[in-house]
Ligand SMILES: Nc1ncnc2c1ncn2[C@@H]1O[C@H](COP(=O)(O)OP(=O)(O)O)[C@@H](O)[C@H]1O
Ligand SMILES: [Mg+2]
């Protein structure tokens, strides 16, 4: 049994949260209209039941909610803190810093509330009991999207950072970008982050067994996502084994809705371990013969290894003037290309300024293509596209 605590004076939200809990969660709901710091322990603790989720609802000033959240986060880090508020990047950033784990749109229907509270519960459980035990008893929940290619310089980091920033809009604070190009990774530069901790800290020591410690090693980015950057020097990356990577991705998937992974060129031990854990593989090539051949070999290896997850094939820096067409590429790789991202100076500019294109705009051919790519991982947009497709078919 779980204990959910809702702090709100909004009875309509209370009714929907109640309906959400009755709709498939096992636990009791405790509602308080307000909460002062000295009442915290009294409200959060019940001898029989530990609180797993604390939801700050409307009716409480945001500053007060965030102040309380920072206290609870320090005193009881196992509790998942959720803030009901309209999504807004500035608020999301202060909320992340206060230890809030998710933001709930106050107008959400019971089903959406149930899904969010269920995830919050699962991550609270994993923090209470340690990730290892949790992994045996519950399936991983987040999507693991791995971006890979045989060659360097084809746009993996560009794609991965833009996917993450875009997903950060639908899952603020529940999206993490991992730089698995452990030796020469440049996610930190693509996001203009100066990380205090890196991948190496995340796979060694206490973080391995404790997702709370792991979370403390993530860097916060102002697009409401977390990032785990590559170590500062190539030598530091040497000790990171495939098993470490697999364990890390499982831990992150149990905490986050989206785990986006950027990789090093080729199919090294770390990339293979990530692809083995991937729910979605994004394979990239550019419009030149070596890159396309590389993709074909990469797909052959994936087939031999029995890679069974969803696969998305992307041609980046699409430019018909080079003598190769998309159908030539499809004939060589023996599969359909899912998406072409055109060559654009906007992309190069965004890399050089450390601001992913989708953070600034969804206009322009390259941004539109990147946005479509990210949309593949958004169930709401998928459903919308399906509806559009059915409508078009019906009109034929
Ligand atoms: N669609 C594109 N149009 C123009 N330049 C691009 C495009 N995609 C990537 N680039 C540029 O190519 C370079 C390599 O991209 P990057 O994402 O770092 O590749 P990788 O991670 O595969 O090594 C970067 O300078 C980036 O700005
Ligand atoms: Mg890269």
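What the table below lists for this structure:
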| item | result |
| --- | --- |
| Scope region 186-198; condition closer than 20 Å to residue 245 by Cα and within 16 Å of ligand 1 (Cβ to nearest atom); matching residues | 186, 187, 188 |
| Check on residue 52, in a loop (DSSP other than H, G, I, E, B), within 24 Å of the chain's Cα centre (by Cα) and surrounded by 15 or more Cβ atoms within 10 Å (Cβ to Cβ) | no |
| Filter pass, residue 259 being within 16 Å of ligand 2 (Cβ to nearest atom), under 25 Å from residue 303 (Cα atoms) and either modelled with pLDDT of 95 or more or in contact with a helix residue (DSSP H, G or I) (Cβ under 7 Å, 6 or more places away or on another chain) (or both) | no |
| Filter result (closer than 20 Å to residue 153 by Cα and either surrounded by fewer than 18 Cβ atoms within 10 Å (Cβ to Cβ) or modelled with pLDDT under 95 (or both)) within region 366-391 | none |
| Number of the condition not met by residue 350 [criteria: (1) within 19 Å of the chain's Cα centre (by Cα); (2) at pLDDT 95 or above] | (1) |
| Spans of helices (runs of 4 or more DSSP H) in region 258-347 with at least 2 residues within 22 Å of residue 176 (Cβ to Cβ) and either touching a residue at least 12 places away in the same chain (Cβ under 8 Å) or outside the structural domain of residue 102 (by TED's automatic domain parsing) (or both) | 269-277 |
| Close pairs from region 170-198: first not assigned by TED's automatic domain parsing to the domain that holds residue 262, partner within 14 Å of ligand 1 (Cβ to nearest atom) and modelled with pLDDT of 95 or more, Cβ under 9 Å, at least 6 apart | none |
| Any hit, region 355-366, residues being in contact (Cβ under 8 Å) with a residue 40 or more places away in the chain and out of contact with any helix residue (DSSP H, G or I) (no Cβ under 6 Å at 6 or more places or on another chain) | yes |
| Among residues of region 6-15, those that are surrounded by 19 or more Cβ atoms within 10 Å (Cβ to Cβ) and under 14 Å from residue 114 (Cα atoms), counted | 2 |
| Residue count, region 145-170 (criterion: surrounded by fewer than 24 Cβ atoms within 10 Å (Cβ to Cβ) and either away from ligand 1 (no atom under 13 Å from the Cβ) or under 15 Å from the mean Cα position of the chain (by Cα) (or both)) | 2 |
| Selection within region 171-183 - within 16 Å of ligand 1 (Cβ to nearest atom) and modelled with pLDDT of 95 or more | 177, 178, 179, 180, 181 |
| Any hit, region 64-79, residues being out of contact with any helix residue (DSSP H, G or I) (no Cβ under 9 Å at 6 or more places or on another chain), buried (at least 17 other Cβ atoms within 10 Å of the Cβ) and not in a strand (DSSP E or B) | yes |
| Residue in region 84-101 that is over 17 Å from the mean Cα position of the chain (by Cα), free of Cβ contacts under 8 Å to residues at least 24 places away in the same chain and not in a loop (DSSP other than H, G, I, E, B) present | yes |
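The values are calculated or read from the model by the stated rules, or taken from the named source; none is laboratory data. Because the structure is predicted, anything quoted here is derived from the model rather than measured. Cβ sites come from the backbone with ideal geometry, for glycine too, and all protein chains shown count toward neighbours.
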